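The next block holds one structure in the form of structure tokens; read it before the comments.
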Amino acid sequence: MSYSPDRKSGSPTKSQVLKRPRPLSLPDQALKYVIMKMQLQSHHHYSSLSPSTASPSPHSEPDLSSGFNSLTLDPPGPDSTSLLSDELLLSIFAKLPISQYLPNSLVCKRWLYLHGRLVQSVKVFDWGFLDSGRVFARFPNLTEFDIVHACIRSPRNSGILVTRKALTVHIDSLFSPNGFIEESDVLKNSVVDDGLRLIASSYPNLRRIAVIGASENGLLRIAEDCQTLQELELHCCGDLALKGIRACRNLQIVKLIACVDGFYKAVISDIGLTILAQGCRRLVKLELCGCEGSYDGIKAIGQCCQMLEELTLNDHRMDGGWLASLPFCGNLKTLTLQSCKDIDSSPGPDEHLGFCPTIEELHLRRCQVRDKHGVRALFLVCEAVRDIVLQDCWGLEDEVFAFASI
């Protein structure tokens with residue numbers, strides 16, 4: 001705060017002289033009315049006291065009745081938007097930037113309701129918001145639904161935020177040897193399935209959903225009621241849970257997160273990959289995080305999902321020899337390996353590898369590339385590639401770059 005000698009002396013500054021009085025707004029007028037009402041009551045109470053008990057006052061009380069009578073509150077202006085239909089207001093709100101949606105929803109209850117009809121994507125952090133049904137009344141037209149964080153019990157007011165791969169959670173200061181998330185911190189499968197049934201019955205036009213810990217029954221209900229579902233993100237699921245998505249005939253993007261170190265552990269093997277391949281034949285993009293498997297699982301995906309263009313393996317736990325199954329992905333254009341401890345522990349002889357004729361891009365991010373045999377086999381399979389991206393990889397040496405000449 002700056003110090004002004006004029007303020008201390010009491011002389012008005014130039015800004016104070018030029019400053020005009022602000023006209024009273026409606027809250028200011030109401031406050032002035034209350035103050036004058038209290039002063040009038042105090043004045044009448046003083047006048048009713050007897051001369052013996054009332055203490056003399058050197059100054060006479062001012063007459064506030066004239067000021068009170070002259071005070072008038074301006075009536076609120078008419079709501080011009082009440083003459084517009086909901087459809088017309090929705091078309092107007094839809095042309096505004098998304099950043100204006102929330103401020104507009106605070107104007108009145110009607111605008112709050114209309115704002116909910118415009119929202120199409122929601123990430124829920126409180127399971128009670130879903131279980132009580134309030135989310136369905138608040139947002140009746142959702143097409144994208146994320147309930148991953150709502151299925152995990154975590155201290156929301158904690159200042160400690162941990163991010164691991166695609167998962168971010170709040171944790172407390174107590175350390176558990178079982179990891180940041182214990183088994184009891186995740187909702188039971190039956191509870192999650194009940195939530196999925198509510199979602200399926202309320203949003204038949206759902207196009208994307210992200211969930212953790214769902215079983216076959218809950219996913220089957222989503223697949224049967226949401227025929228337009230195109231994108232699925234599934235955390236902490238096993239092989240048998242994937243039976244529920246066999247009915248999702250229009251799935252195009254699938255992300256399976258089986259195991260995340262320090263958070264949760266699940267197993268997706270060749271059995272789950274085969275179930276996925278046989279049920280979801282229109283896959284265009286597939287991402288496998290912490291999944292096990294081998295040659296057979298990737299081969300099944302390549303043979304059944306002939307439209308597959310993008311394949312991402314994140315921290316894979318594949319058995320040796322899985323690279324030889326990539327040529328079965330006849331339409332594969334982009335292959336991405338992220339956070340992989342090795343490429344292929346046992347790629348086999350070169351004549352058994354084959355190659356992907358349609359591949360265009362190869363991305364290696366945060367991978368260990370010290371295994372020269374695995375890296376060489378990868379470049380052999382991707383010999384038709386046009387772009388190679390190496391980002392934050394360990395073990396990059398001249399010999400690794402020499403393999404790119406293949």
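Scan region 227-270 for residues that are assigned to a loop (DSSP other than H, G, I, E, B) and in contact with a strand residue (DSSP E or B) (Cβ under 8 Å, 6 or more places away or on another chain) and the total you get is 15. I'd like to check something: does region 131-143 contain any residue that is without any contact (Cβ under 8 Å) to a residue 40 or more places away in the chain, of a type in the set (Asp, Glu) and closer than 20 Å to TYR203 by Cβ? There is no residue in region 131-143 that is without any contact (Cβ under 8 Å) to a residue 40 or more places away in the chain, of a type in the set (Asp, Glu) and closer than 20 Å to TYR203 by Cβ.
Looking only at residues in region 356-406 that are basic (Lys, Arg) and part of a helix (DSSP H, G or I), the one that is farthest from THR312 (Cα to Cα) is LYS372. The number of residues in region 137-149 that are modelled with pLDDT of 90 or more and closer than 22 Å to LYS188 by Cα comes to 4. Among the residues of region 214-230, those that are surrounded by fewer than 19 Cβ atoms within 10 Å (Cβ to Cβ) and farther than 18 Å from LEU187 by Cβ comprise GLU224, ASP225, GLN227, THR228, GLN230.
Filter region 255-269 for residues that are crowded, with 21+ Cβ neighbours inside 10 Å and of a type outside the set (Phe, Trp, Tyr); which is farthest from GLU224 (Cα to Cα)?
Taking region 255-269 first, the residues crowded, with 21+ Cβ neighbours inside 10 Å are 256-258, 260, 263-264, 266, 268.
Within this subset, residues satisfying the condition of being of a type outside the set (Phe, Trp, Tyr) are 256-258, 260, 266, 268.
Values: LEU256: 20, ILE257: 23, ALA258: 24, VAL260: 29, ALA266: 25, ILE268: 23 Å.
Among them, the one singled out is VAL260.
Just one of the numbered conditions (1) aliphatic (A, V, I, L, M); (2) open to solvent by 50 Å² or more (accessible area, probe 1.4 Å); (3) under 22 Å from CYS237 (Cα atoms) is not true of LEU396: (3). Taking region 271-355 and the strands (runs of 3 or more DSSP E) fully enclosed by it, the elements with 2 or more residues that are among the β-branched types (Val, Ile, Thr) are at 334-338.
Just checking, how many residues over region 194-213 are outside any loop (DSSP other than H, G, I, E, B), in contact with a helix residue (DSSP H, G or I) (Cβ under 9 Å, 6 or more places away or on another chain) and open to solvent by 10 Å² or more (accessible area, probe 1.4 Å)? Number of matching residues: 5.
Have a look at CYS382, CYS340, CYS305 and point out the one that is over 27 Å from LYS265 (Cβ atoms), of a type outside the set (D, E, K, R) and surrounded by 16 or more Cβ atoms within 10 Å (Cβ to Cβ). Full working, then the answer.
On the way: CYS340 fails: over 27 Å from LYS265 (Cβ atoms); CYS305 fails: over 27 Å from LYS265 (Cβ atoms).
On inspection, the qualifying residue turns out to be CYS382.
Answer yes or no: is there a residue in region 119-130 that is modelled with pLDDT under 90 and aliphatic (A, V, I, L, M). Scanning region 119-130 turns up at least one residue that is modelled with pLDDT under 90 and aliphatic (A, V, I, L, M).
Where residues in region 279-302 are basic (Lys, Arg) and open to solvent by 70 Å² or more (accessible area, probe 1.4 Å), which of them is farthest from the chain's Cα centre (by Cα)? Result: ARG281.
In summary, strands (runs of 3 or more DSSP E) completely within region 94-171 and bearing 2 or more residues that are under 21 Å from CYS236 (Cβ atoms) and among the acidic types (Asp, Glu) occur at 144-146.
The values are calculated or read from the model by the stated rules, or taken from the named source; none is laboratory data. What you see is a predicted model, and the numbers here were worked out from it, not measured in a lab. Please note: Cβ atoms are built from the backbone with ideal geometry, for glycine as well, and neighbour counts cover all protein chains shown. Side chains are part of the model used for accessible areas, which takes the heavy atoms of the whole protein and leaves out ligands, DNA and RNA. Shrake-Rupley method; radii C 1.70, N 1.55, O 1.52, S 1.80 Å.
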